[in-house]
Structures are given as structure tokens and as C-alpha cells.
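Written below as C-alpha cells is the structure these notes are about.
The values are calculated or read from the model by the stated rules, or taken from the named source; none is laboratory data. It should be emphasised that the depicted structure is a prediction, and the values quoted were computed from it without experimental measurement. Don't worry about glycine lacking a Cβ; one is built from the backbone with ideal geometry, like all the others, and counts go over all protein chains shown. What goes into the accessible areas is simple: the full protein's heavy atoms, side chains included, and nothing from ligands, DNA or RNA. Shrake-Rupley method; radii C 1.70, N 1.55, O 1.52, S 1.80 Å.
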Amino acid sequence: MPHSPSLFGPEPGDDASVSLDLDLLNPDQLDAVLHRDGPQLVVAGAGSGKTRVLTHRIAHLMHEGVHPSSILAITFTNKAASEMAERVNGLLGRHATGMWVMTFHAACARILRADAARIGFRPSFSIYDSADQVRLVRSIIEDETRVLPTATSEPQPGRLANRYEIAAAR
């Protein structure tokens with residue numbers, strides 16, 4: 001099946017045209033890029049061309065009329081998300097505006113922030129990983145010991161929980 005090397009031509013006043021050489025893809029990669037029936041999950045080993053497949057798939061979807069704001073490209077690491085966003089921007093230029101190319105966690109945080117008020121949060125809420133949580137508890141214990149020097153060496157659980165709720169509400 002012959003493939004057009006260019007999915008997008010230059011637009012008037014556009015300095016970036018999008019050119020894809022689908023002949024660079026192996027048959028499995030091409031199948032993933034041209035897949036038509038709903039979402040596509042791509043699972044493959046390191047160095048197998050996943051990012052190339054996904055970026056070409058995004059360009060192909062846009063060629064098929066999918067609006068950039070309807071495209072969600074998820075990865076699991078910040079490094080992979082950054083690389084994919086860079087490649088998508090390199091392929092599509094200004095056409096990539098509005099696309100969600102990010103980690104799973106970043107996408108979930110963006111969705112939560114958009115509707116934070118509905119769940120009783122401010123959009124500026126923080127998400128703590130395990131190390132952040134340990135640092136917070138240590139900080140609270142240190143504050144508890146400083147504020148109440150006569151307190152026992154182990155803070156009272158109720159008081160600690162109350163201080164955590166106050167800190168979390170800030």
C-alpha cells in the first residue's frame with residue numbers, strides 16, 4: 001500500500017509543514033499508526049520505536065480531522081513525556097497546540113485541578129509523594145515539639161492529625 005510522505009501541506013503564512021515518511025515504519029508500527037477503531041494501546045520494549053509510532057499516530061489522527069484538544073497521549077515517566085512532547089511539536093509545530101501529551105499523573109492532576117472546587121479543593125492543591133509525606137510528618141512533629149516543649153517525646157495522635165488538617169487546608 002503506497003503511503004503519502006506528507007500528511008499536511010504548508011498553510012498560508014505557516015512556517016512549519018508536517019511531513020511524515022510512513023515508509024520508515026515496520027508493518028506492526030504502520031498498523032498502529034493507521035488504526036481506525038477507537039483508542040490504541042501501544043506496548044513494546046525499549047528502543048522499539050514506540051515514540052515514533054505514537055507521534056506519527058497523532059499526526060495521522062489530525063490528518064483524519066481529529067482536533068488537537070481531543071488527543072491525549074499518556075506516558076509513565078516525565079522523561080518520556082518530555083521527549084514525546086518535543087517530537088510532537090517537532091512534527092506538528094503550531095498544529096500541536098491544545099494537545100495533552102503528558103504523564104498519567106500529570107493528566108489526572110490537570111483533570112482534578114479543573115474541577116477542584118467540586119471536590120472541596122482549591123486548584124492550587126499539592127500532591128505529595130511518599131518522601132514528601134514523610135518530610136511533612138517529620139516537620140509537624142518538630143513543630144509540635146518546639147511549640148509545646150513540655151510535651152512528651154511522642155506527639156499525641158489527635159493533635160498531630162489536627163495540625164496536619166490545618167496545614168493541608170492552607
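Assorted remarks:
- Probing with 1.4 Å while keeping every protein chain in the model, the per residue accessible area of segment 101-144 equals 73 Å².
- Inter-site label distance for residue 130 and residue 117 at 7 Å from Cα along Cβ, in nm: 3.7 nm
- Placing 76, 104 in order of accessible area, with the largest value first and a 1.4 Å probe, yields 76, 104.
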